[in-house]
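Below you'll find the structure, written out as structure tokens, and then a few comments.
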Amino acid sequence: STIGMAAPLAQAAGTITFGEDKSVSVGLGIRSTFTSTEDGATNGSSNSNDFALDSVRLYMNASLNKYIKGTFNTEKKADESIGVIDAIAQFEFMPEFNIWAGRMLPASDRSNLNGPYYLLPFSYPGIVSRYPSRTTGRDDGAAVWGKLLDSRLIYNLGAFEGHNVGTRVGTTPGTSDQPLVAARLQYDFWTPNGAPAFYTGSTTFGAADVLSVGVAAQYQKDGAVSATSTGDYTGWNLDGLMEKKAGPGAVTAEGAYYKYDTDGVIKSEDGTAYLLGLGYIFNEVFGWGRFQPHVRYQKFDRDDNPVLAADKKQYDFGLNYVIDGFNAKLAATYSKVEQTTGKEVDKFIVGVQLQF
Amino acid sequence: STIGMAAPLAQAAGTITFGEDKSVSVGLGIRSTFTSTEDGATNGSSNSNDFALDSVRLYMNASLNKYIKGTFNTEKKADESIGVIDAIAQFEFMPEFNIWAGRMLPASDRSNLNGPYYLLPFSYPGIVSRYPSRTTGRDDGAAVWGKLLDSRLIYNLGAFEGHNVGTRVGTTPGTSDQPLVAARLQYDFWTPNGAPAFYTGSTTFGAADVLSVGVAAQYQKDGAVSATSTGDYTGWNLDGLMEKKAGPGAVTAEGAYYKYDTDGVIKSEDGTAYLLGLGYIFNEVFGWGRFQPHVRYQKFDRDDNPVLAADKKQYDFGLNYVIDGFNAKLAATYSKVEQTTGKEVDKFIVGVQLQF
Amino acid sequence: STIGMAAPLAQAAGTITFGEDKSVSVGLGIRSTFTSTEDGATNGSSNSNDFALDSVRLYMNASLNKYIKGTFNTEKKADESIGVIDAIAQFEFMPEFNIWAGRMLPASDRSNLNGPYYLLPFSYPGIVSRYPSRTTGRDDGAAVWGKLLDSRLIYNLGAFEGHNVGTRVGTTPGTSDQPLVAARLQYDFWTPNGAPAFYTGSTTFGAADVLSVGVAAQYQKDGAVSATSTGDYTGWNLDGLMEKKAGPGAVTAEGAYYKYDTDGVIKSEDGTAYLLGLGYIFNEVFGWGRFQPHVRYQKFDRDDNPVLAADKKQYDFGLNYVIDGFNAKLAATYSKVEQTTGKEVDKFIVGVQLQF
């Protein structure tokens, strides 16, 4: 149902049809890692060695007729139970105009719309991508979205429950209860966005030449509430992605700029953030897959006195081994996290990602 | 597998067959709402504005052969994890005689057997439908049920774990451990019940003329236990449903009477309850759907001194927009809740329900 | 995909194919019981009567191509939410060599590799089968395994997160963070193991003559940590299974010997354990199924002073009614649990197990 680079940007899933335009499809995503953290063991001097199941997702999509669809996705929670991340009632009138209601990704930055499964590197850039959310980047609400101008322009405007920044404490201080408004515009110059709906992916593994720019914003009156004060929440960002065949492969570059503001209510969330990513995928197949080295830099600058504040930045140097796009890849990554306060953390992570 | 009005009373689901009488089917249900409550904001004077994912259910049905089946349904819990609501091992010898074991809906009132998905209004009548349950109206146990007299008479008799009224506190006061016994008889005069098994639905959206009466009861010796005393639990109810084509559509009327008794152990649960519902669905299709205005009244009268007690009643005035029966409908509802103590609550709710 | 006795050792599941070697399959398992425990009621003199949903599992298997597969299985948790038990990224190069990563059953004893669904008796032998695990016998990690010598020899070697014995308390005492290593070798003399991968089942219901022996071990440096001390974890066991057609049916015998050692850090886990099982399945079909009487004995001997310690043993006398192997069976069991300290517990359990 999408154009050009669609294939690499959605898991395959098994689809059961039961009448014209009636179907249920079932898919699966798994991410698992081994992490060695320098001096991370409890004795303080040995490296920690940790196996972890990072993510396992059940994907369900359903169609009742040509216009009415549904989505249900789950994710493992910290307590090892399975949580609801997406549950969407979808009224899809035409590519240009759709209404979704339920729990979903609000209009936000490219990294959040990628989720962990459709990034260029393996791990989520949580230092910079920090719009508030109820769970896993999602919130309850409703949105209109569509693809215009030969699917080159994607718009998305929604109203959500919000109040996910800070601690909402009882009835003091009292607020009127306003929704969080989220909006995003994205324009794809060379190849239309190939991901389903308004979702994104930060590489096509060289399948398409991409030049994409996006701008997103979220605002909620009284959206930031602490025990003693209330402020409006405002976040906005610019993000861009370029991928271009060049030499024996394709180069990928992405960048993002973020501004977060809670009216000073949650000082740890007030600040500016930057992300820069660069990768190169080789066309040559070695064994089952292709190599894609990449680097990423992300930084969060707190607004308050930098002497006191914990600015945070992270460097990732990674190598993807891409067997079947986002459906089967391995990655080895060396990560370095630096904070103004606290000591540097160096990690080596080997990860596997499969989607069915 | 059912007669007459079956189609509107079960979600479609996708079915995978893997041999004669062998299959697994997978379906999905979603309910999402926007609620505006008068003076409901934390400042006490503004309306609250709340988006919520009310329900998301995975439905699985399975068949091993002509006689052995299984059901697994899940529901979102309050902590956003996914919980088990139905898990049933089903021995279905013939329509007239079936044995089910596991977690299921015990014999109970029509509203509980409707669940939230098969009601005439959008929201569950929790003020009156209050048989005890372990989760979402379900309990662990075993039941025999069947359909007799051309599927007009449905019987259901089960034994369940129970002890879900009050707080079961350690070993004091000590009780013998008796099961909860649940029974229901239902007779459908005009059209046989079209829902699967002993389930029900409170409208066929004008598809069939229905006249149905039911009586249910639950009893558990020592089923009500507080910190200081123990009593027997007894609940019973009458419920009726009528739907009849009339004029440019069909009229629906339902009523229920309940009596709950914990031997005075849990005074807040001892009382009498009443439900009355009325609706009219127009045959004329506007756009994708048909309109079905409806009203509902429910009241719970506590047995103890009414001056002290919190009697509770609720009025709902709603308008369904029915696209595909219980599989796709929108509803707008104005609700007013009144209590003897506490202030009146007025809500306006817009909801969407999809099932696949 | 397996040989000989495969059919009875895996649930059927419904499979959706979506291209060559691409598929998703969905299955379901349910176990439900009624238990009457002598003097088990809170009054101390009546029998308790308890209905329980013991288990409900969603099974998903997926295949991306001939070599890359995935597994996702869930189980009901104590809080009635659904938890992840298996989530495996599977690289299956050839029957002789496979690499799995994620959450899975580590190399362990036959009972743990049976899980509750593929035992000869109904209930899990938790008194003796006590390798540490994160959840339901599983842990996060990676393993290589394969079937050699006409699938008669199965090897399995893995590294896991571990640290699941005792209470890992903060940074005192500090340890280096070593993985748990788990290994198992199994040889099947008469008929190759018919279960998928390195899984097992403790009866074929007379379908095959089986003579199987296995040895397994788990070791983790600093794997046992209490508030005051740290020790290495070492566990190992021998297990054997024989099934042979004889007379009007087939006889099944199994045995296991276990040695657990935490360097004295967790004294309640240091000890020796024994399991002995015996069954006989009749070929004759009565109604829908065949009868399989069985007995099981299990004992855990603590290493420390037996006068103080709580040695524990259990006798089970059971009768299976086998309708469709492990996919449909009923069982009635009388169990007696004896401890050095504490009183004897006598239970009568009726259970049903279905898999689809």
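The values are calculated or read from the model by the stated rules, or taken from the named source; none is laboratory data. As the structure is a computational prediction, the values presented were derived from the model and not from experiment. Note that each Cβ is placed from the backbone with ideal geometry, even for glycine, and that neighbours are counted across all protein chains shown. Side chains included, ligands, DNA and RNA excluded: accessible areas come from the protein's heavy atoms. Shrake-Rupley method; radii C 1.70, N 1.55, O 1.52, S 1.80 Å.
Looking only at region A:331-347, decide whether some residue is touching a Leu at 6+ places or on another chain (Cβ under 6 Å) and within 14 Å of chain C (Cβ to nearest Cβ). Yes, the conditions are met somewhere in region A:331-347. All of (1) within 14 Å of another protein chain (Cβ to nearest Cβ); (2) of a type in the set (Phe, Trp, Tyr); (3) under 27 Å from A:Asn47 (Cα atoms); (4) crowded, with 20+ Cβ neighbours inside 10 Å hold for A:Phe326 with one exception: (3). Considering region B:244-270, the residues that are assigned to a strand (DSSP E or B) and under 16 Å from B:Ala217 (Cβ atoms) include one that is nearest to the chain's Cα centre (by Cα), namely B:Ala256.
The set of residues in region B:93-109 being over 26 Å from B:Asn327 (Cα atoms) and facing chain C (nearest Cβ under 8 Å) consists of B:Ala101, B:Gly102. Here B:Ala107 fulfils each of the conditions (1) hydrophobic (A, V, I, L, M, F, W, C); (2) out of contact with any Asp or Glu (no Cβ under 9 Å at 6 or more places or on another chain); (3) buried (at least 24 other Cβ atoms within 10 Å of the Cβ); (4) farther than 20 Å from B:Gly201 by Cα apart from (4).
For region C:321-356, filtering for residues that are in contact (Cβ under 8 Å) with a residue 24 or more places away in the chain and in a loop (DSSP other than H, G, I, E, B) leaves 7. Annotation note: of C:Glu80, C:Glu20, C:Glu96, the sole residue that is within 22 Å of the chain's Cα centre (by Cα) and acidic (Asp, Glu) is C:Glu80. Of all residues in region B:38-48, those being under 18 Å from A:Leu180 (Cβ atoms) and either open to solvent by 20 Å² or more (accessible area, probe 1.4 Å) or assigned to a loop (DSSP other than H, G, I, E, B) (or both) number 6. Note on region C:160-174: among residues that are over 19 Å from the mean Cα position of the chain (by Cα) and surrounded by 20 or more Cβ atoms within 10 Å (Cβ to Cβ), the one that is modelled with the lowest pLDDT is C:Gly166.
Do you know which residues across region A:113-137 are open to solvent by 20 Å² or more (accessible area, probe 1.4 Å) and not in a loop (DSSP other than H, G, I, E, B)? Residues satisfying the conditions are A:Pro116, A:Tyr118, A:Thr135.
Results for (1) more than 14 Å from chain A (Cβ to nearest Cβ); (2) open to solvent by less than 10 Å² (accessible area, probe 1.4 Å); (3) touching a His at 6+ places or on another chain (Cβ under 6 Å), shown as yes or no for each residue.
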| residue | (1), (2), (3) |
| --- | --- |
| C:Thr17 | no, no, no |
| C:Ser36 | yes, no, no |
| C:Asp50 | yes, no, no |
| C:Ser55 | yes, yes, no |
| C:Val84 | no, yes, no |
| C:Ala87 | no, yes, no |
| C:Phe91 | no, no, no |
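In region A:271-320, of all residues being part of a loop (DSSP other than H, G, I, E, B) and small (Gly, Ala, Ser), the one that is farthest from the chain's Cα centre (by Cα) corresponds to A:Gly287.
Kindly establish whether C:Thr228 is in contact (Cβ under 8 Å) with a residue 40 or more places away in the chain and either surrounded by fewer than 20 Cβ atoms within 10 Å (Cβ to Cβ) or of a type in the set (Asp, Glu) (or both). Yes: the conditions hold for C:Thr228. Looking only at residues in region B:62-80 that are facing chain C (nearest Cβ under 9 Å) and open to solvent by 40 Å² or more (accessible area, probe 1.4 Å), the one that is nearest to B:Arg138 (Cα to Cα) is B:Lys77. Of the numbered criteria (1) over 26 Å from A:Asp39 (Cα atoms); (2) in contact with an Asp or Glu (Cβ under 9 Å, 6 or more places away or on another chain), the one A:Ile323 fails is (2).
Pairs under 6 Å by beta carbon, first residue open to solvent by 70 Å² or more (accessible area, probe 1.4 Å) in region A:262-289, partner of a type in the set (Lys, Arg), six or more apart or different chains? Between residues of region A:262-289 that are open to solvent by 70 Å² or more (accessible area, probe 1.4 Å) and residues that are of a type in the set (Lys, Arg), the close pairs are A:Tyr274/A:Lys299; A:Phe282/A:Arg290. Please determine whether any residue of region A:76-84 is touching a residue at least 40 places away in the same chain (Cβ under 8 Å), in contact with a Gly (Cβ under 8 Å, 6 or more places away or on another chain), more than 19 Å from B:Thr33 (Cβ to Cβ) and of a type in the set (Gly, Ala, Ser). Checked against the condition, which is being touching a residue at least 40 places away in the same chain (Cβ under 8 Å), in contact with a Gly (Cβ under 8 Å, 6 or more places away or on another chain), more than 19 Å from B:Thr33 (Cβ to Cβ) and of a type in the set (Gly, Ala, Ser), region A:76-84 yields no hits at all.
Taking the numbered list (1) in contact with a strand residue (DSSP E or B) (Cβ under 8 Å, 6 or more places away or on another chain); (2) crowded, with 18+ Cβ neighbours inside 10 Å in turn, B:Ala207 passes all entries but (1).
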